[in-house]
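Undergrad: Would you mind keeping the following structure in view while I ask a few things?
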Amino acid sequence: MDRADRLLSGALLLLRRAEVRVVSGGPTDLDLVLPGGGAVAVKVRVFGRPPTPSIVEGLRDGHRKDRFLLVTPRATSYLRDLAAEGVVDVIAVEEGCVVIGGVEHTAAASAEAGSEVGALRRGRRPWTRWAVERLLLLAEQPLTQVELAAVLQVTQQSVSHVLRGHRFASRTDRGWVIGQRAEALDELLEEYPGPGGASTYWYGLDPAVRQAEAAATWCAERGVGCVLTGDVAADVYAPWRLPAVAGLYSSELLDFTAAGFTPATDAEYTLVVTVPQDRTLWRTAAAAAQPRARVDPIIALHDVLAGPGPDAAEAGEHLREAILDGAWRG
């Protein structure tokens with residue numbers, strides 16, 4: 001999770017502490033219900049450092065009808081004055097300050113909400129390249145550029161750019177394959193930062209698998225796309241340990257209190273729901289062709305290794321072996 005994702009996730013935690021409910025939306029748009037019952041829709045903009053007056057005015061020019069929620073580590077006096085006047089809404093994550101509609105809600109700053117992280121990564125991440133590598137590593141037979149482009153819904157030129165000079169990819173008379181699969185998988189896992197995105201955290205009493213299935217069903221009933229990840233997905237691909245935490249990627253942010261969950265923090269939770277930056281996640285999940293919606297095995301492996309538990313490395317190695325020998329297909 002990069003700095004922008006951490007700031008947004010921290011902002012969501014502070015909204016919760018301020019009793020401002022996030023009803024729906026995504027990383028750039030949120031539908032909020034205020035403590036008094038009023039509903040507002042905001043455009044969210046995240047800044048790694050407090051935006052200057054020129055940046056704020058440039059944002060508002062041409063968008064006077066939109067209501068902006070500015071998320072930043074700290075609030076300058078300029079931002080506080082604008083927020084107090086109701087011109088913009090502001091969340092200063094490191095200060096635990098939430099100002100919505102000119103009303104300030106101060107929540108205690110916390111480690112998970114206000115922690116310092118590294119500088120914001122520069123440039124666009126190569127989501128398509130990583131997705132092509134995952135597809136080829138998981139494929140039972142060679143795949144053509146046309147097939148890869150169709151699965152990922154990108155141009156054939158994008159796929160060609162990925163494969164041209166690729167260290168592990170080679171062309172056969174039937175399509176492209178990945179050689180040195182173990183080395184290629186390990187290099188991908190080392191480089192891939194995860195799908196990214198903003199996360200919300202929840203607590204439930206049921207076993208993790210049941211929580212994941214209940215949350216996924218609840219999303220599906222509302223027409224919101226979702227896929228299971230981490231231990232819950234790994235439990236299907238390569239059962240090894242009893243899942244303790246449920247992970248879910250969702251196409252939009254939702255309030256899971258209506259599904260029977262209690263809001264939690266990233267220190268104590270049983271369900272984490274993330275709206276991912278990596279949009280290829282949905283395509284490679286579908287390509288895994290499993291009967292239930294879950295991420296592809298390599299995304300699941302990444303999330304198992306990044307997840308809690310002293311035996312995460314052992315659980316990850318079990319799934320890694322299943323990927324390399326094809327046993328994940330069942």
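Undergrad: So how much accessible area does Phe168 have, in Å² to the nearest 10, using a 1.4 Å probe?
TA: Roughly 10 Å² of Phe168 is accessible to a 1.4 Å probe.
Undergrad: If you don't mind, there's one more thing I want to ask. Would you kindly compute the Cα radius of gyration of the stretch 1-63 and its largest Cα-Cα separation (Dmax), both in Å?
TA: Every Cα atom of the stretch 1-63 included, Rg and Dmax give 13.0, 34 Å.
Undergrad: As a check on your grasp of the helix formula, calculate [θ] at 222 nm for the chain: sum -39500 (n - 2.57) over DSSP H runs of n ≥ 4, divide by the residue count, round to the nearest 500.
TA: Computed mean residue ellipticity for the chain: -11500 deg cm²/dmol.
Undergrad: Rounded to the nearest whole Å², what accessible area per residue is found for the chain with the 1.4 Å probe?
TA: That works out to 47 Å² per residue.
Undergrad: Order the following by accessible area, largest value first: Phe256, Phe47. Probe radius 1.4 Å; ligands, DNA and RNA are ignored.
TA: Ranked list, largest accessible area first: Phe47, Phe256.
Undergrad: Moving on to the next point. What Cys residues in the chain are without a partner cysteine, judged by a Cβ distance under 4.7 Å?
TA: Cys97
Undergrad: Now for a separate question. Compare the Cα positions of Val56, Val273, Val132 along the charge dipole of the chain (+1 at Cβ of Lys, Arg; -1 at Cβ of Asp, Glu; about the Cα centre) and return the one farthest towards the positive end.
TA: Checked the options; the winner is Val56.
Undergrad: Right, here's the next one. First compute the accessible area of the chain with a 1.4 Å probe, then give the percent of it belonging to carbon and sulfur atoms.
TA: Looking at the chain in its full context, I get 51 percent from C and S.
Undergrad: Excluding Leu188 itself, what net charge comes from residues whose Cβ is under 9 Å from its Cβ, given Lys and Arg +1 and Asp and Glu -1?
TA: My count for the surroundings of Leu188 gives -4.
Undergrad: If one computes P(r) from the Cα atoms of the chain, what percent of pairs lie at distances over 31 Å?
TA: 37
Undergrad: In whole Å, what is the distance between the alpha-carbon centres of the stretch 267-330 and the stretch 149-176?
TA: About 23 Å separates the Cα centre of the stretch 267-330 from the one of the stretch 149-176.
Undergrad: Taking a ≥ b ≥ c as the square roots of the Cα gyration tensor eigenvalues, with a/c under 1.5 meaning rounded and otherwise prolate when a/b beats b/c, else oblate, which class fits the stretch 1-106?
TA: Rounded.
Undergrad: Taking the Cα centroid of the stretch 35-111 and of the stretch 202-216, what is the distance between the two, rounded to the nearest whole Å?
TA: Centre-to-centre (Cα) distance: 33 Å.
Undergrad: Please give the net charge around Phe261, taking every other residue with its beta carbon less than 11 angstrom from that of Phe261, where Lys and Arg add +1 and Asp and Glu add -1.
TA: Charge balance in the 11 Å sphere: -2.
Undergrad: Next up: In a solvent-free Debye calculation with one equal scatterer on each Cα, what is log10 I(q)/I(0) for the stretch 147-213 at q = 0.16 Å⁻¹, listed in the order of the q values?
TA: With no solvent term, the Cα-only Debye profile gives -0.79.
Undergrad: Another question about this same structure. Pulled fully out, how much extra length does the chain show between Val224 and Arg210, if you take 0.36 nm times their separation in residues and subtract their Cα-Cα distance?
TA: 3.2 nm
The values are calculated or read from the model by the stated rules, or taken from the named source; none is laboratory data. This one's a predicted model, so the numbers in the text were calculated from it and none came from an experiment. Glycine gets a Cβ as well: all are built from the backbone with ideal geometry, and neighbour counts include every protein chain shown. In case anyone asks, the SASA skips ligands and DNA or RNA and just uses the protein heavy atoms, side chains included. Shrake-Rupley method; radii C 1.70, N 1.55, O 1.52, S 1.80 Å.
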